[in-house]
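Here the structure comes first, spelled out in structure tokens, and everything after it is commentary.
The values are calculated or read from the model by the stated rules, or taken from the named source; none is laboratory data. A quick note: this is a predicted structure, and the numbers were derived from the prediction, not measured. Cβ coordinates were reconstructed from backbone atoms using ideal geometry, including for glycine residues, and neighbour counts include every protein chain displayed.
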Amino acid sequence: MALDNFYDFFVALHNVKFYAKPRKEMFCGTVSVTIKPMKNYLFLLVIGVFIYGCSQVQRATDLITKPSARELYLRTLDVNVISETLWNDAFMNAKTNQLQAPIPFVIATQSFKYKAIALAYKINLKKGSVFKLIVEKNIDSGLVFIDLYPFNTDSTLSKEPLVSNDWQIDSISYTVERSGVYKVIIQPELRDSLKFTAKMYTQPSFAFPVVGKGNAAIGSRWGVARDGGKRSHEGIDVFAVRGNPVVAATDGVVSFTGEKGLGGKQVWLHNGLWGQSLYYAHLDSIIVTRGARVKRGDTLGLVGNTGNARTTPPHLHFGIYTRSGAINPLPFVELQDVPVETHIVAFDSAVTKLKNNQLRTGPATKFPELMNLPRNHPIVIVGKTHQWYHVKVADSLEGFINQSLLQKQTGSTKK
């Protein structure tokens, strides 16, 4: 125990009047003590040691269990009042909604002290990409909680998140290991005036394999039919001038160099002990040697059109292979802009304008329709993304509706 810390605590207690009642019980975890009436420094000393000990026990437990930011926040809510129930109910309802969000995606919303909200969306992520979610707030001290969940093989949501944000850290990052559908949940604390924007996007986990080039240079993508449909393209073609440097997309060991078959002059780069192999084909020349250890960005060779690419413009055929065969390399290297749009939520309630108002699972007409709302149907605004509002129609029914179908609610409106 640090003497100065305890001394400060003791002085603080000394300045507070205590009126202990007979047999008043105090709890710390599963330990309880009984305090008899007293008003002296011994009483203050006992209380100080007791409370200090509780905090130390909690701190030691947290080092082992590593509670999430969400769990830490729940400790601050009063279990005897409605706030914890409201906050937890909003979270559980969010887990079961059917909303979808395209990637990239950005949405603006705000929190309330006595009205809990939670935004949750199904998103499609591809192996090799890095999913990122960043929250930008108008109040630095405001708390926002982020969780990313996978779905089980039976399409049920996993009980435990893959990743959650740490306390007072307003972002998460996750390297996708399996292509599929995931669910992200964003929930602010119970607090008035906290306005924030959540931005979701992906970035490549590898570097782009051709120096000075990007998505626009990709001329032929994964799965395109070849040889009259006899085979499909197991990679991407990146077009560049002859002699343009080709680089290691990640750290690894060169497992093969040489000229053979359809790929012509080629380099194979093995990534990790049980990792995948990266395939660089149609090179004009090879610079590295077999067995060389290379770092991300090191030059492996130069763009060409050797092998079966002799009749095409110079380009790099880039592929990725695992023990199960070829996989789509595009998510590993495709660059994506960070969404920068911000949207202001001008009001928190509205009514529908037209005779028919489509409520959808996502913010575009391509998403399925949940239901058709009649004119003057009241709704609650949850957030806004571009020209679409995330709304709540009933206690548990949520959806997206275009802003052209809404008008601000000016008073009580009957259906």
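Looking at Asp337, Asp395 in this structure, which one is more than 27 Å from Lys95 (Cβ to Cβ) and either part of a loop (DSSP other than H, G, I, E, B) or out of contact with any strand residue (DSSP E or B) (no Cβ under 7 Å at 6 or more places or on another chain) (or both)? Steps first, please.
Details: Asp395 fails: more than 27 Å from Lys95 (Cβ to Cβ).
None of the others qualify; the one that does is Asp337.
How many of the residues making up region 300-311 are at pLDDT 95 or above and within 41 Å of the chain's Cα centre (by Cα)?
Number satisfying all stated conditions: 6.
Considering only residues that are touching a strand residue (DSSP E or B) at 6+ places or on another chain (Cβ under 7 Å) and of a type in the set (Lys, Arg), look in region 68-101 and name the one that is modelled with the lowest pLDDT.
Selected residue: Arg70.
Inside region 158-210, counting only strands (runs of 3 or more DSSP E) that do not spill past its ends, which hold 2 or more residues that are of a type in the set (S, T, N, Q) and under 18 Å from Leu125 (Cα atoms)?
Counting at least 2 such residues, we get 171-175, 195-204.
Only one of these is surrounded by 15 or more Cβ atoms within 10 Å (Cβ to Cβ) and in a strand (DSSP E or B): Ala249, Ala281. Name it.
Ala281
Out of region 94-119, which residues are part of a helix (DSSP H, G or I) and either surrounded by 18 or more Cβ atoms within 10 Å (Cβ to Cβ) or not polar (S, T, N, Q) (or both)? Steps first, answer last, please.
Filtering region 94-119 down to residues part of a helix (DSSP H, G or I) leaves 94-96.
If the condition is that a residue be part of a helix (DSSP H, G or I) and either surrounded by 18 or more Cβ atoms within 10 Å (Cβ to Cβ) or not polar (S, T, N, Q) (or both), then Ala94, Lys95 are the ones that fit.
Here is a list: Lys384, Lys355. Which entry is surrounded by fewer than 17 Cβ atoms within 10 Å (Cβ to Cβ) and either modelled with pLDDT of 95 or more or at negative phi (or both)? Step through it out loud before you land on a result.
Details: Lys384 fails: surrounded by fewer than 17 Cβ atoms within 10 Å (Cβ to Cβ).
None of the others qualify; the one that does is Lys355.
Kindly indicate whether Leu354 is aliphatic (A, V, I, L, M), in a loop (DSSP other than H, G, I, E, B), in contact with a Ser or Thr (Cβ under 9 Å, 6 or more places away or on another chain) and not assigned by TED's automatic domain parsing to the domain that holds Ile117.
Taking the combined requirement at face value, the residue satisfies it.
What about Ala225, is it touching a Ser or Thr at 6+ places or on another chain (Cβ under 9 Å), modelled with pLDDT of 90 or more, farther than 30 Å from Ala108 by Cα and not basic (Lys, Arg)?
Answer is no for this residue.
Just to be sure I understand the filter: pairs with C-beta atoms under 9 Å, separated by 6 or more residues or on different chains, first member in region 298-317 and closer than 10 Å to Gly243 by Cα, second member among the β-branched types (Val, Ile, Thr) and in a loop (DSSP other than H, G, I, E, B). Which pairs pass?
Qualifying pairs under 9 Å: Gly301/Ile287; Gly301/Val288; Leu302/Ile287; Val303/Val241; Pro314/Val241.
Which condition does Lys366 not pass, out of (1) over 26 Å from Asn215 (Cβ atoms); (2) part of a loop (DSSP other than H, G, I, E, B); (3) out of contact with any strand residue (DSSP E or B) (no Cβ under 8 Å at 6 or more places or on another chain), if it passes all the others?
All conditions pass for Lys366, except number (1).
Report yes if Tyr174 is closer than 30 Å to Met92 by Cα and surrounded by fewer than 20 Cβ atoms within 10 Å (Cβ to Cβ), otherwise no.
Spelling it out, Tyr174 is indeed closer than 30 Å to Met92 by Cα and surrounded by fewer than 20 Cβ atoms within 10 Å (Cβ to Cβ).
Out of the residues in region 289-313 that are small (Gly, Ala, Ser) and surrounded by 13 or more Cβ atoms within 10 Å (Cβ to Cβ), state the one that is farthest from Gly219 (Cα to Cα).
Among residues in region 289-313 that are small (Gly, Ala, Ser) and surrounded by 13 or more Cβ atoms within 10 Å (Cβ to Cβ), the one farthest from Gly219 (Cα to Cα) is Ala292.
Can you say whether Val163 is free of Cβ contacts under 8 Å to residues at least 24 places away in the same chain and of a type in the set (A, V, I, L, M), as far as the supplied structure shows? Give the steps one after another, and end with the answer.
Numbers: free of Cβ contacts under 8 Å to residues at least 24 places away in the same chain: yes; of a type in the set (A, V, I, L, M): yes.
Here the answer is yes, as Val163 does meet what is asked.
Check region 316-330 and report whether any residue there is under 21 Å from Phe105 (Cβ atoms) and hydrophobic (A, V, I, L, M, F, W, C).
Yes - at least one qualifying residue is present in region 316-330.
List every residue pair whose Cβ atoms sit under 8 Å apart, with the two residues 6 or more apart in sequence or on different chains, where the first one lies in region 345-372 and is closer than 18 Å to Ile107 by Cα and the second, anywhere, is in a loop (DSSP other than H, G, I, E, B) and among the β-branched types (Val, Ile, Thr).
Leu359/Val393; Phe367/Thr361
Residues checked against (1) crowded, with 16+ Cβ neighbours inside 10 Å; (2) in contact with a Leu (Cβ under 8 Å, 6 or more places away or on another chain):
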position: Tyr182; (1), (2): yes, yes
position: Gln187; (1), (2): yes, yes
position: Leu190; (1), (2): yes, yes
position: Thr202; (1), (2): yes, yes
position: Pro209; (1), (2): yes, yes
position: Ala217; (1), (2): yes, no
position: Arg221; (1), (2): no, yes
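Taking region 339-352, which residues are more than 16 Å from Ile381 (Cα to Cα) and either of a type in the set (A, V, I, L, M, F, W, C) or modelled with pLDDT of 85 or more (or both)?
The answer is Pro339, Val340.
State all residues of region 139-151 that are assigned to a loop (DSSP other than H, G, I, E, B) and either under 29 Å from Leu335 (Cα atoms) or in contact (Cβ under 8 Å) with a residue 60 or more places away in the chain (or both); if no residue qualifies, say none.
Leu143
Could you grab me the full set of residues in region 132-167 that are more than 20 Å from Phe367 (Cβ to Cβ) and among the aromatic types (Phe, Trp, Tyr)? Reasoning before the result, please.
In the first step, residues of region 132-167 are kept if they are more than 20 Å from Phe367 (Cβ to Cβ); the result is 132-150, 152-154, 156, 158-167.
Correct list: Phe145, Tyr149, Trp167.
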